[in-house]
Structure formats: structure tokens, C-alpha cells
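Report on one structure; see the data block that follows.
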Amino acid sequence: MGSSYEPLNVDTIGEKLGQLEIMKEKVGPDSSIWSAQEVGDGNLNLVFIVSGPSGQAIVKQALPYVRLVGDSWPLPLKRAFFEYHALIRQAKYAPGAVPRVYHFDESQALIVMQFMSPHVILRNSLKDGVKHENLAEFTGKFCARTLFRGSDLSMNTKERKKDLALFADNAELCDITENLVFTDPYCDAKMNRHTSPHLNGIVADLRADMDLKVTAQHFKAKFCNNAETLLHGDLHTGSIMVTDRETVVIDPEFATYGPIGFDIGMMLGNFYMAYFAQDGHETSKGARDGYAQWILDVTCDIWQHFEQEFCHLWRTERTGILYDRRLFEDQNQTIAAERALADRLKDIWSDLLGFAGIEMHRRILGLAHIMELDSIENDDLRAVCEARALQFGRQLVLSRNAYNSPYQIAELARAVRKENYL
Ligand code: SR1
Ligand code: MG
């Protein structure tokens with residue numbers, strides 16, 4: 001391809017990518033018989049499935065603006081560069097957990113990658129009441145592996161500083177998170193929307209809640225200042241693809257160095273929202289109760305798998321800058337290393353609850369909502385579900401240190417689901 005950027009469309013893909021060896025291999029040697037379908041349902045990019053006699057490939061291309069809003073909101077193409085670099089690192093930290101990258105073209109902001117089939121987007125399953133085996137184990141381990149191996153617990157200082165500098169340039173996408181996640185939900189931001197007038201009272205309460213706003217800003221400070229590890233940066237249930245047996249994580253263009261609790265907190269926040277959305281999708285009273293409980297079971301299992309794997313990596317792969325073994329194990333003080341581990345896990349747990357609660361607020365009050373709630377057609381019913389999620393989120397943010405386990409959080413969720421806050 002030439003060097004000047006051009007957005008692809010279904011008719012130009014064959015001509016533009018037909019000479020790429022990897023496309024010939026994966027899709028077929030004759031690009032004139034390829035077919036392409038644009039399937040991007042995210043907020044930012046073009047995503048094509050390209051099919052031919054040899055198979056299929058995904059072609060993802062960044063647009064120079066935010067797709068959800070249009071060209072009034074320009075966004076740099078370099079986000080494809082960060083997505084590519086994040087995918088390479090995630091494949092190393094958590095083998096098999098992300099699609100294989102076949103080709104990257106920086107000038108076209110384009111990544112050719114493995115087509116995952118018969119995978120579906122997890123968010124669709126959570127809306128439709130479909131269960132998936134191994135989901136908790138995979139996602140818990142994915143978080144533990146990427147967040148541990150991308151941190152100072154694993155990396156040496158040179159490699160780590162170099163990588164931090166590389167991802168520091170993903171500034172525009174961090175800016176989106178800083179504003180859309182941590183600030184906009186708590187003020188009258190221009191692009192906000194919520195179910196109105198139903199939620200107006202609750203929205204006013206949240207915006208008047210000084211404790212909540214101060215704490216949300218402490219969490220924003222953690223996101224901006226605590227560059228502990230390489231984050232996926234946008235780990236919601238639309239960034240996870242599943243089959244009955246397999247899970248993969250996609251779409252890490254928001255990758256940045258940040259606090260360990262961020263990714264797992266955002267992800268759990270999305271599971272909790274899906275839990276509160278279930279009443280909006282049941283066809284008869286109680287029809288989704290079993291599924292709702294399954295979602296809570298998954299959240300508990302995710303934390304258990306995360307904790308277990310993080311502990312394992314701490315004990316077996318702690319070769320980075322922090323908590324040097326010479327201070328602990330090498331002096332017969334494994335017990336002290338275990339104490340440090342428990343302290344770190346306690347902080348991660350508390351942080352993840354805060355991030356989860358804030359994610360829940362921004363997905364109901366901000367620009368970017370979630371399909372499980374938005375697709376509830378009846379405004380009254382949707383508002384009841386959303387109000388519960390908002391109150392639950394507030395409780396997570398403000399009382400996070402009162403809860404020691406995901407089982408207590410699941411108990412809280414069940415109690416909140418019985419309430420009507422409108
Ligand atoms: C303007 S982008 C809105 C949201 O979509 C992405 O997936 C991120 O979650 C971002 O906050
Ligand atoms: Mg995305």
C-alpha cells in the first residue's frame with residue numbers, strides 16, 4: 001500500500017491488500033474473489049471480515065475521528081500503533097489470549113489479524129442470557145497474567161521505562177478515559193445522556209454528593225499517576241469474545257500504563273451492569289433469576305482465579321524491580337513476601353471496586369452506554385434497572401473498604417436488585 005492514509009471500504013480492500021502475502025495465505029491468492037463485510041460495532045474504528053477460498057481475516061483500521069460522534073471529534077490514527085504494540089505484549093504475557101496479529105501498516109493505521117470463529121461478543125451473550133464455560137477462569141487469569149507480567153513485579157527497569165515512554169504517547173485515548181469515565185458522569189457534560197426524566201433525581205443526587213465526587217477524583221488521580229502496569233485500557237464485555245470453551249480479548253487501543261485494579265475493575269463493573277439489566281430482558285417474572293445468579297457467580301470466580309494466578313506469579317516469577325527476593329525468600333523470610341503479597345492484593349481489591357463503580361456510572365450517565373441496558377425498550381423498566389446499577393456503583397466507590405470478598409459484593413447486588421430507587 002502507498003504511504004498516504006486512505007480509509008478502506010468493502011470495494012477497495014481487495015485492490016489495497018491483494019498483494020500482501022499474509023492475505024494471500026489466509027484469504028486466498030486471487031483478491032478479485034474476496035468478499036468483505038464491515039462489522040465494526042465499536043465506537044471508534046472500521047472492522048472488516050475479509051473472506052475468500054482459503055479462509056478469513058480481520059482487517060481493522062482506525063478512522064481519523066471518533067466513529068460514534070463523527071468528524072467533529074478528530075482522533076489520531078496512531079491509536080492503531082498502540083493497539084498493535086499492546087496485542088504483541090498481551091500475546092507474550094498471556095499466550096493464546098488475544099487474536100494473532102498477521103500484519104501492521106502504520107501509515108494506513110491498519111492491523112490484519114486472526115478472525116475468531118465461532119466466537120461472539122460476550123456483551124451479546126450477557127444480554128441474551130447465554131452462559132459460557134471457563135469464562136471466569138480465562139478472564140481472571142488473563143488479568144493476572146497481563147497485569148503482573150506488564151508490571152515492575154516482572155519487568156527490569158530498562159525494559160519497563162522504555163515501554164512506559166512508548167505508551168505515554170497514547171495521550172488522546174487516555175484523555176477520553178480521563179474525561180468520559182472520571183469527570184463527565186459527575187457534571188453536566190455536553191455529550192452526556194441518561195434515561196430522562198426518570199433518572200433526573202438520582203443524577204442530581206450523585207452530582208451533589210461531595211464524597212462521591214472527591215473519591216472519583218482520587219480514582220482519576222490513580223489512573224493518571226499510578227503507572228503500575230500495562231493496561232488493556234478498555235476491558236469491558238464488548239472487548240471479550242467467547243465460545244462455549246474459548247475466550248479471547250480484543251481491542252486494546254486504549255493501552256496505557258496505569259493501576260493494576262483498573263482493567264479488572266472495569267470488567268467487573270460491566271458484569272455487574274449486565275446483572276442489573278437482566279430484569280429488563282426477562283420474558284416472564286423470574287425467568288432471568290438463574291442467569292442473573294450465574295453472572296454473580298462468574299464475578300466471584302473471576303476474582304478467585306485472578307487472586308490464585310497473581311499469587312502463583314508472585315511466588316514463581318517475581319523477578320522485576322519490586323519486592324526483591326534478596327530481601328525476603330533469600331533471607332528465609334518467605335512469610336514477609338507473603339505479607340507484602342496480601343497487602344498488594346488488598347489494595348488491588350479496593351481499587352477494583354472503586355473503578356467498577358465509576359465505570360457503572362459513566363456507562364449510564366455519560367456518552368458511551370452499554371447495549372444490555374440501552375436495549376431495554378420500556379423506559380420505565382430500563383430506568384429501574386439503571387437506578388439500581390447507579391446506587392450499587394455508588395456503594396462500591398464509597399464503601400469499598402467495608403467489603404472483603406466478591407461474595408459480599410454479590411450479596412449487596414442481590415439486595416440492591418430487590419429495591420426500586422425511583
Ligand atoms: C469516544 S469513545 C467512547 C468509549 O468507547 C470506547 O470503547 C471507550 O470505552 C470509550 O470510553
Ligand atoms: Mg473498543
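Site pair ILE321 and SER284 shows an inter-label distance of 6.0 nm when each label is modelled 7 Å from Cα along Cα→Cβ. For segment 21-135, the share of alpha carbon pairs falling in successive 10 Å distance bins from zero is 13, 36, 37, 14, 0 percent. Once you place label points 7 Å from the Cα toward the Cβ at LYS131 and SER117, how far apart are they in nm? My value for the distance between the label points is 2.9 nm.
Counting only protein heavy atoms and using a 1.4 Å probe, the accessible area of HIS194 comes to about 60 Å².
Split the accessible area of segment 82-193 by element, probe 1.4 Å, and carbon with sulfur accounts for 51%. Looking at segment 237-307, the trypsin sites (Lys or Arg not before Pro) that sit in a DSSP loop and have at most 11 other Cβ atoms within 10 Å of their own Cβ are ARG245, LYS285.
Accessible area per residue for segment 120-417 is 39 Å², calculated with a 1.4 Å probe on protein heavy atoms, without ligands, DNA or RNA. In a fully extended conformation the segment linking GLU15 and ASP41 would gain 6.9 nm over its present Cα-Cα distance, using 0.36 nm per residue. In whole angstrom, segment 120-417 maps to an equivalent ellipsoid with semi-axes of 32, 22, 18, each derived as √(5λ) from the alpha carbon gyration tensor and ordered largest first. In segment 241-307, the portion of solvent-accessible area held by carbon and sulfur atoms comes to 42 percent [1.4 Å probe, whole percent, DNA, RNA and ligands not counted].
Calculate, for LEU422 and SER350, the FRET efficiency according to 1/(1 + (r/R0)^6) with r their C-beta to C-beta distance and R0 35 Å; round to the nearest 0.05. Show your work: numbers first, answer last.
Working: r = 30 Å, r/R0 = 0.86.
My answer for the efficiency is 0.70.
Could you give the dipole magnitude of segment 120-417 about its Cα centre, charging the beta-carbon of Lys and Arg +1 and that of Asp and Glu -1, in debye to the nearest 20? Walk me through the intermediate numbers first.
On the way: 34 positive and 45 negative charges, 98 e Å.
Once rounded to the nearest 20, the dipole reads 460 debye.
How much accessible area per residue does segment 13-114 have, in Å², with a 1.4 Å probe?
Values: 4380 Å² over 102 residues.
Dividing the accessible area of segment 13-114 by its residue count gives 43 Å².
Note on ASP169 and ALA189: their simple-model spin labels are 2.6 nm apart, each label 7 Å out from Cα toward Cβ.
Which FRET efficiency value, to the nearest 0.05, do you get for ASP211 and ILE49 by plugging their Cβ-Cβ distance into 1/(1 + (r/R0)^6) with R0 = 51 Å? Don't skip to the end; give the middle numbers.
Values: r = 47 Å, r/R0 = 0.92.
With a Förster radius of 51 Å, E is 0.60.
The ellipsoid equivalent to the alpha-carbon distribution of segment 140-206 has semi-axes of 37, 16, 8 angstrom, derived from the gyration tensor eigenvalues as √(5λ) and listed largest first.
How big is the shadow of the Cα convex hull of segment 258-338, averaged over all directions, in nm²? Spell out each step's value before the answer.
Values: hull surface 27.7 nm².
Mean orientational projected area (segment 258-338, Cα hull): 6.9 nm².
For segment 165-171, the Karplus equation 6.51 cos²θ - 1.76 cosθ + 1.60, evaluated at θ = phi - 60°, returns couplings of 5, 4, 6, 4, 7, 7, 5 Hz by residue, with Gly and Pro reported as x. Here the accessible area of segment 332-409 is 44 percent carbon and sulfur, with a 1.4 angstrom probe and all protein chains present. Legend: residue pairs LYS213/LYS285; LYS141/LYS222; LYS16/LYS162; LYS78/LYS162, Cα-Cα distance threshold 27 Å; pairs beyond threshold, LYS213/LYS285; LYS16/LYS162. Per residue, the average separation of C-alpha pairs within less than 8 Å and at least 6 apart gives the chain a relative contact order of 17 percent.
The values are calculated or read from the model by the stated rules, or taken from the named source; none is laboratory data. Remember, predicted model here, so these are calculated numbers, not experimental data. Neighbour counts are summed over all protein chains in view; Cβ atoms, including those assigned to glycine, are modelled from backbone coordinates with ideal geometry. Ligands, DNA and RNA are stripped out before the accessible areas are found, and what is left, the full protein with its side chains, is counted by its heavy atoms. Shrake-Rupley method; radii C 1.70, N 1.55, O 1.52, S 1.80 Å.
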